[in-house]
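Coordinate-derived values only; no laboratory data. These numbers come from a predicted model, not from an experiment. Using ideal geometry, Cβ is built from the backbone for each residue, glycine included, and neighbour counts are taken over all protein chains shown.
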Amino acid sequence: MNASLYLDAADDILLDYICDYDMQWPLLSYKIYGTTRLAWLLMKLNKVKPADVFKLKMTGETVKYLPKD
């Protein structure tokens, strides 16, 4: 499903989250949405390649995300 799911969200809808410290995607998902289960959505929105799934997002880097509502 992940390979065939396309998200076309306008940049003006997406919000920015600036990393407080070095984090992986599940922790980012928890900090933004309150659950680790949406890490896949964050990776999809930020166009993370399969080779980069386990790379840390470093302090000060920006992550795009959809608002909760």
With the checklist (1) exposed (fewer than 15 other Cβ atoms within 10 Å of the Cβ); (2) assigned to a helix (DSSP H, G or I) in hand, flag the one item PHE54 doesn't pass. (2)
Among the residues of the stretch 1-57, write down those that are closer than 15 Å to LYS68 by Cβ and in contact (Cβ under 8 Å) with a residue 40 or more places away in the chain. ALA9, ILE13, LEU14, LEU15, ASP16, TYR17
